[in-house]
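Undergrad: Okay, here's the structure, questions in a sec.
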Amino acid sequence: MIVAMQEKATEEQIDAVIDAMEEAGVDVHRTTGAMQTILAGVGPTAGLDLTKFEMLPGVLHVHRISAPYKLAGRAWRPEGTVVEFPNQATIGGQAIAMIAGPCAIENREQIFEIAACVKAAGGKFLRGGAFKPRTSPYSFQGLGIDGLKVMREAACAHGLATVSEVMEIAQIEPMLPYVDCFQVGARNMQNFNLLRELGQVRKPVLLKRGIAATVEELLLSSEYILSGGNYDVILCERGIRTYETATRNTMDIAAIPVLKKLSHLPVVGDPSHGTGRRDMVAPMAKAAVAAGADALLIEVHPNADKAVSDAAQTLYLEPFEKLVRELRVLAEAVGRTM
């Protein structure tokens, strides 16, 4: 259930409502917006008499949440969530963020060259895989913590925040000093034990849509993280598996405005995985911006054809810089900045 407090409700009134909700056996999650405080009650609320809460001082209105996801729904944070990072970067709100880097961190020279390019293009996020979930056990599996260390150095040298994929619970703690945002890949979208643990971490989580997941399933997966008290969750549309074979995946551009309508969480478009084709990254990145994406996740490499992972969908540095310039024009046309 959602309890919307009056604009001038006092802290004493808010605390009294929270106490009443907890007495009724529900977990309370509080969010304070620019105009009012909203309390989300999660738990056995079906049998509760909502008028009991509507009569409490300071309460504006109370209503049940019909959707199966309670905290991910826009009703809890109608103004939308803006996720903040240590380097003053944000995802959500007016500005469209650029997250770029190699699919896999290969060596120090590679990641430093890419970091310089991302910074020069105006990006504020450096992404790179250190633990790689590969379909074949014989493919490059990543450099692990050693890779994260050099990415952290490169990011610090250029004032960038870092994003990297976590594959299992045991990796969370060792990764903490090196990443500003944990990425959960498509294969792990419904790894509920991992999601629960990330709910206890106070760092942002970028959650990718599974290859066969519905929008509702993606939002329910985000609920696992949110219910643990980590409210800095970012959703990512990265393409789904369909009967079409012309592209690696089918990038569901329509999912972006759907997610923006249903949820307060920021939405990222990933045209690299969304198509699996270098020549389609630019047009799908532009489509994602036009559809309302809050950020883009793009794979770049100084020698893309020789990349050890996902070479076919990776941009060279010059085309990436050109794409960013074009995206700035498009962002302005849709009333955003980049």
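Undergrad: Take the residues of the stretch 139-160 that are among the aliphatic types (A, V, I, L, M) and buried (at least 23 other Cβ atoms within 10 Å of the Cβ): which is farthest from the chain's Cα centre (by Cα)?
TA: Out of the qualifying residues, it is A154.
Undergrad: Sticking with this one: Could you say whether any residue in the stretch 93-102 is more than 17 Å from the chain's Cα centre (by Cα) and in contact (Cβ under 8 Å) with a residue 24 or more places away in the chain?
TA: Among the residues of the stretch 93-102, at least one is more than 17 Å from the chain's Cα centre (by Cα) and in contact (Cβ under 8 Å) with a residue 24 or more places away in the chain, which makes the answer yes.
Undergrad: A follow-up question, please. Would you point out which residue out of A186, A170, A212, A161 is touching a Lys or Arg at 6+ places or on another chain (Cβ under 8 Å) and either aromatic (F, W, Y) or farther than 29 Å from C117 by Cα (or both)?
TA: A212
Undergrad: Please work out if K322 is under 20 Å from G239 (Cβ atoms), assigned to a helix (DSSP H, G or I) and among the charged types (D, E, K, R).
TA: No: the conditions fail for K322.
Undergrad: With respect to C117, determine if the residue is assigned by TED's automatic domain parsing to the domain that holds A293, closer than 20 Å to R328 by Cβ and in a helix (DSSP H, G or I).
TA: yes
Undergrad: Identify all residues within the stretch 235-280 that are under 23 Å from V82 (Cβ atoms) and either free of Cβ contacts under 8 Å to residues at least 24 places away in the same chain or touching a Ser or Thr at 6+ places or on another chain (Cβ under 7 Å) (or both); write none if there are none.
TA: Residues satisfying the conditions are L235, H264, L265, P266.
Undergrad: Still on this structure: Checking T135 against (1) without any contact (Cβ under 8 Å) to a residue 60 or more places away in the chain; (2) in a loop (DSSP other than H, G, I, E, B); (3) crowded, with 24+ Cβ neighbours inside 10 Å, which test does it fail?
TA: (3)
Undergrad: Applying the selection to the stretch 28-49, what residues are among the hydrophobic types (A, V, I, L, M, F, W, C) and either closer than 27 Å to L265 by Cα or outside the structural domain of V17 (by TED's automatic domain parsing) (or both)?
TA: Listed by number, the residues that qualify are V28, A34, M35, I38, L39, A40, V42, A46.
Undergrad: Related question: If you go through the stretch 87-96 one residue at a time, do you hit one that is assigned by TED's automatic domain parsing to the domain that holds G144, touching an Asp or Glu at 6+ places or on another chain (Cβ under 7 Å) and among the hydrophobic types (A, V, I, L, M, F, W, C)?
TA: yes
Undergrad: Listed residues P283, P302; which is more than 30 Å from V201 (Cα to Cα), not polar (S, T, N, Q) and not in a helix (DSSP H, G or I)?
TA: One residue alone meets the criteria, P302.
Undergrad: Show the residue pairs that are 6+ apart or on different chains and have beta-carbon atoms under 8 Å apart, the first residue being within the stretch 29-52 and over 23 Å from Y224 (Cα atoms), the second being of a type in the set (K, R) and assigned to a loop (DSSP other than H, G, I, E, B).
TA: Pairs that qualify, where the first residue is over 23 Å from Y224 (Cα atoms) and the partner is of a type in the set (K, R) and assigned to a loop (DSSP other than H, G, I, E, B), are L50/R64.
Undergrad: State all residues of the stretch 128-165 that are in contact with a strand residue (DSSP E or B) (Cβ under 7 Å, 6 or more places away or on another chain), farther than 14 Å from A89 by Cα and not aliphatic (A, V, I, L, M); if no residue qualifies, say none.
TA: G128, G129, F131, K132, F140, G142, R152, S164, E165
Undergrad: Considering each of E79, E84, E23, E54 in turn, give the residue that is within 22 Å of F125 (Cβ to Cβ) and among the charged types (D, E, K, R).
TA: Criteria check complete, one pass: E84.
The values are calculated or read from the model by the stated rules, or taken from the named source; none is laboratory data. It should be emphasised that the depicted structure is a prediction, and the values quoted were computed from it without experimental measurement. In this analysis, Cβ positions are derived from the backbone assuming ideal geometry, glycine residues included, and neighbour counts consider all displayed protein chains.
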